[in-house]
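Have a look at the structure below before the remarks.
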Amino acid sequence: MRIKLINPNTTPSMTALIAEAARAVAGPGVVVEAVNPEHGPASIEGHYDEAMSCLGLLDEVRKGEASGVDAYVIACFGDPGLDAAREIARGPVLGIAEAAMRAACFVATGFSVVTTLSRTVVIAEHLVHKYGVSGQCRAVRASEIPVLELENPDSDAYRKILAECRQALALDRCGAIVLGCAGMADLCQRLSRELGVPVIDGVAAAVVMAEALVRMGLATSKHGDYARPLPKAYAGLLAPYAVQA
Ligand code: 2AL
């Protein structure tokens with residue numbers, strides 16, 4: 001089974017970190033193909049970054065479809081381009097935010113999300129509503145760490161995230177923590193040990209769930225709005241992105 005893991009930002013060191021987390025949980029016989037687009041933002045920390053990341057991401061799905069990939073994981077917590085990717089993919093496409101929130105609901109009655117910058121909080125809150133987990137998500141909290149600072153060993157990121165998780169457990173009535181950035185994947189086990197509650201990394205959750213869906217023989221429904229996009233001309237720079245009949 002081939003799972004294509006797409007980091008929609010263009011920072012290869014983060015792609016490598018995410019790939020390690022994915023391969024640690026993938027079952028035997030699962031090949032995780034980790035990539036990031038060539039074009040796009042170095043990190044995704046707002047609506048504009050998200051919108052600009054989608055073309056590169058969708059290009060990677062297009063290439064995956066041409067080479068027979070079984071399932072995709074979009075490894076950014078805003079789940080950018082998820083519905084569009086599902087329109088052009090045959091197999092399942094999972095976003096790490098959706099996978100993490102659904103996993104949290106299996107192990108706790110309530111969870112809080114600990115993410116990066118405050119400006120990304122509303123993005124996660126919109127997803128909470130979209131995925132119908134408003135009754136389970138107690139809060140979305142920011143640690144005020146920029147995405148690329150997660151990779152800087154001098155940034156104190158772990159301590160700040162740990163402190164925010166402790167606040168969540170003390171004040172939010174939550175039983176689990178969802179990590180709000182793919183770049184936090186390597187912190188998950190340490191946080192879980194230290195906090196003594198389930199801490200969910202969406203990369204691991206999405207890879208395991210994608211694998212399970214493929215094993216169940218499930219593909220993306222082509223009945224209704226996830227049907228292939230209608231063939232039509234795309235003008236100018238975007239002409240190569242037009243879907244053929
Ligand atoms: C993310 C993420 O997962 N990757 C990225 O570049 N930005 N999410 C976030 N909340 O900052």
Charged-residue dipole, Cβ positions (Lys, Arg, Asp, Glu), the chain about Cα centre, Debye nearest 20: 700 debye
1.4 Å probe accessible area per residue over the chain, in Å²: 46 Å²
Residue 223 paired with residue 33, simple spin-label distance in nm, labels 7 Å along Cα-to-beta-carbon: 3.0 nm
Rounded percent of accessible protein surface that carbon and sulfur make up, the chain, 1.4 Å probe: 56 percent
Label point distance in nm, residue 170-residue 23, each placed 7 Å from Cα along Cα→Cβ: 4.0 nm
For the stretch 38-129: rounded, prolate or oblate by the Cα gyration tensor [a/c cutoff 1.5]: oblate
Residue of 183, 110, 27 that the Gaussian network model of the chain assigns the largest fluctuation, springs spanning Cα pairs under 10 Å: 27
Helix-only mean residue ellipticity at 222 nm for the chain, each DSSP H run of n ≥ 4 adding -39500 (n - 2.57), per residue, nearest 500: -13000 deg cm²/dmol
Shape of the chain, Cα gyration tensor, a/c cut at 1.5: prolate
Dipole magnitude of the stretch 30-96, debye to nearest 20 (Cβ charges: Lys/Arg +1, Asp/Glu -1, about Cα centre): 200 debye
Rg and Dmax of the stretch 97-201, Cα atoms only, in Å: 12.4, 38
Prolate/oblate/rounded call for the stretch 19-66, Cα gyration tensor, a/c under 1.5 rounded: oblate
Selected from 30, 207, 113 as most flexible by GNM, with the chain as the system and alpha-carbon contacts under 10 Å: 30
For residue 45, distant residues with modelled amide H under 5 Å away: 50
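The values are calculated or read from the model by the stated rules, or taken from the named source; none is laboratory data. Only a predicted model underlies this, so the values are computations on that prediction, with no experimental measurement involved. Every residue, glycine as well, gets a Cβ built from its backbone with ideal geometry; the counts of neighbours run over all protein chains shown. These area figures cover heavy atoms from the full protein model, side chains too; ligands, DNA and RNA do not enter into them. Shrake-Rupley method; radii C 1.70, N 1.55, O 1.52, S 1.80 Å.
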